[in-house]
Amino acid sequence: MTIMTITLEKQGLPLYRQIADAIAEQVAANTLQPGTKLPTHRALADALSVTVGTVTRAYAEAERRGIVEAKVGAGTYVCQTDKPLWTFAPPPTPGIMSFGYNVPPAINRADLISEALQQLAAHPNELNNLMLYQSPMGIAHHREILSKWLAQHNVKTDPNRLLFCSGAQNAMQLCLVTLCRAGDTILTDKLTYPGLLSLAKQLRLTVKPVEMDDEGMLPESLKAAYHQYQPRLVYMTPTLQNPTTATMSEERRHDVIRVCRELQLVILEDDINGILPKERPNPIVNLAPDDVIYAGGLAKTLAPGLRLGFLQLPERYYPHFVNALQNHSWMISPLLTAMASILLENGAANQILETIRDQMEARWRIAQAYLKDVDFRYHPNSFHGWLRLPDEWSLSEFLAESKARGVEVKSSELFVPAGYSAPPYVRIALSAPPDRETLEKGLHELADLLANPPLSDFAL
């Protein structure tokens, strides 16, 4: 099939988008090779029974994506492969079906982002002001918009205690830098987010694990760990914990708050996944706003490329964090907070969030069919699941064999504080495969692997 014979659906995506997508697919498949001249607007319009204007928009969309380039008086050509592009996506590793990273599923945000950019460009004076230095606290109106959007998702915040950051990872870094010193100890779940472990190592902090169950951190174990290690703070992810997907009940949240108040222990609540569930429990910050540092971000729910996170802080800490942010980067880009504010206020963020939820529910149903016979913990709106290996498999053997079959998963070793043993689990990020075909192929390989464990050395 060539570009002159593609089939267009009258229902669904706009025709120009379908044409642009077809060009992209044929370039990716090398059907349209670098340097190939595309048909004239009139020729392609006649071949596809569309208007010349539709083809013009399609070529413009393909050029915006960096796939083709228009040369004045000479036509439109497929870009050379070595031509540097101003946008990129990390290329997949050949032969590898990745279930490794907790990235949002592949969706198209281009139209919604484009509209927000156009709205910014339509107000040149305001746009120019966004290019100037701002207060490290950020623009008050942007904080108010964020606070209202969070309230829609059952997160109670005060705009005067919100602080923008360069993503949730930066929010946690700011917290550790402000409250801890080299040699201090912090507490985490027995299995925890590798990004937190990496930050702690960089800052020369000691991480000690707290026992957990199916709901997450155990309050009595938290109390015992406090008395043993005298930590500066406790880090936890009460909703869709990474990697276990554990979610604390309301009762457990109150119990944890009670223990921390008794011990005067600061809680760092990582709620990066908290907005993903359609029905979510109260974040801990709602229950104890003066005892909790709340860290969140828009990477999972809106777009990771915005690199926009935030902290909700107890009033006593706010000036110290503002000063720390100013010392690190002076401010968070006002252009990015303006962009995010438009998307939060005009409904685009919620539209993207619903698309992500729907995608993950569909992927969950597919995973259920393949992994129904194994111990696989998962939530319909979570990006990842937590797979217990059958007794016949050692962790190292399973990782080696899955890699040999072209399937990448994450070992439990990544989620364990230094010096502690790893349980026989792997994390499977169902959000990572770029399409359904890759998802199903990878799950088929995993299911087959789990159903056919290695033979014992003593088997006859």
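Read the figures in this text as sums done on the coordinates, not as results from a lab. All values reported here derive from a predicted model rather than from experimental measurement. We place every Cβ from the backbone using ideal geometry, glycine too, and count neighbours over all the protein chains shown.
For the pairs LYS403/LYS441; LYS278/LYS300; LYS148/LYS300; LYS156/LYS278; LYS372/LYS441; LYS372/LYS403, note any where the Cα-Cα span goes beyond 20 Å. Too far apart for the 20 Å limit: LYS372/LYS403. Semi-axes of the equivalent ellipsoid for segment 113-160, computed as √(5λ) from the eigenvalues of its C-alpha gyration tensor and ordered from largest down, come to 24, 16, 6 Å.
Mind jotting down a quarter of the surface of the convex hull over the alpha carbons of segment 111-348, in square nanometres, one decimal? It would help to have the intermediate numbers written out before the result.
Values: hull surface 49.2 nm².
In nm², the orientation-averaged hull projection of segment 111-348 is 12.3.
For a footprinting-style exposure proxy, rank ASP21, ASP391, ASP290 by other Cβ within 10 Å, fewest first. Please report the intermediate quantities before stating the final value.
Values: ASP21 17, ASP391 8, ASP290 11.
In order of increasing Cβ crowding within 10 Å: ASP391, ASP290, ASP21.
Cross-link reach is defined here as a Cα-Cα straight distance under 14 Å, omitting same-chain residues fewer than 8 places apart; for LYS37 the aspartates and glutamates meeting it are GLU63, GLU69. Among beta bridges from DSSP that stay inside the chain, the antiparallel ones total about 60%.
What are the equivalent ellipsoid semi-axes of segment 352-404, built from the alpha-carbon gyration tensor (square roots of five times its eigenvalues), in whole angstrom, biggest first?
Details: eigenvalues 139, 28, 16 Å².
Values for segment 352-404, descending: 26, 12, 9 Å.
Across segment 242-359, the convex hull enclosing all Cα atoms gives 134 Å³ per residue.
The Cα atoms of the chain give a gyration tensor whose axes a ≥ b ≥ c have a/c of 1.5 or more with a/b no greater than b/c, which makes the shape oblate.
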